[in-house]
Amino acid sequence: VQLQASGGGLVQSGGSLRLTCTASRRTSSNNGMGWFRQTPGKEREFVAAINWRGDSTSYADSVKGRFTISRDNAGSTMYLQMNNMSPEDTAVYYCAVALTASISDRSDRYRYWGQGTEVTVSS
């Protein structure tokens, strides 16, 4: 499975961006998916995850109420709608396919990773 993340860019504080993650083939075969982010000098941190059916989600406390994760019925595309963004959201965002159908906030529970898309929020 190859993943392609897109949609990053520069946005002002309070603005919105929508990230898209496209898989090279269907990933709905019992695989959860997730978004992580990383800034220089820090470890990759969990942002949001969704199960294979798309009916269960999990969010980091820092983004809860502002970000929304979703995926299409085919299971090959995942989205992250980011609203009311702040400079603390600046990072490279990575999408990933999990080892199992369930959601997880642990990066070691993900098997495939995209190349990352850069998000910058100016104050």
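Of all the criteria given as (1) under 22 Å from residue 122 (Cβ atoms); (2) in contact (Cβ under 8 Å) with a residue 24 or more places away in the chain, the one not satisfied by residue 34 is (1).
Would you check which residues across segment 59-77 are open to solvent by less than 40 Å² (accessible area, probe 1.4 Å) and at pLDDT 95 or above and list them? Matches in segment 59-77: 60, 63, 67, 69.
Of the residues making up segment 55-71, those that are closer than 19 Å to residue 104 by Cα and not hydrophobic (A, V, I, L, M, F, W, C) are 55, 56, 57, 58, 59, 61, 62, 64, 65, 68, 70, 71.
Cβ-Cβ contacts under 6 Å between residues 6 or more apart (or on different chains), taken from a first residue in segment 3-25 that is within 14 Å of residue 114 (Cβ to Cβ) to a second residue that is outside any strand (DSSP E or B) and open to solvent by 20 Å² or more (accessible area, probe 1.4 Å), are listed as 19/7; 20/7; 23/1; 23/76; 24/1; 24/2. Being within 17 Å of residue 105 (Cα to Cα), hydrophobic (A, V, I, L, M, F, W, C), open to solvent by 20 Å² or more (accessible area, probe 1.4 Å) and part of a strand (DSSP E or B) is a property that does not hold for residue 36. Could you tell me whether residue 68 is within 22 Å of residue 4 (Cβ to Cβ) and in contact (Cβ under 8 Å) with a residue 40 or more places away in the chain? No: the conditions fail for residue 68.
Report whether or not residue 48 is buried (at least 21 other Cβ atoms within 10 Å of the Cβ) and in contact with a Ser or Thr (Cβ under 6 Å, 6 or more places away or on another chain). So residue 48 fails the test.
Taking segment 78-123 as the range and being assigned to a loop (DSSP other than H, G, I, E, B), open to solvent by less than 50 Å² (accessible area, probe 1.4 Å) and at negative phi as the test, the residues that pass are 85, 86, 90, 101, 104, 114.
The values are calculated or read from the model by the stated rules, or taken from the named source; none is laboratory data. All values reported here derive from a predicted model rather than from experimental measurement. No Cβ is skipped: glycine too gets one built from the backbone with ideal geometry, and neighbour counts run over all protein chains shown. Keep in mind that these areas ignore ligands, DNA and RNA; they rest on the heavy atoms of the full protein, side chains included. Shrake-Rupley method; radii C 1.70, N 1.55, O 1.52, S 1.80 Å.
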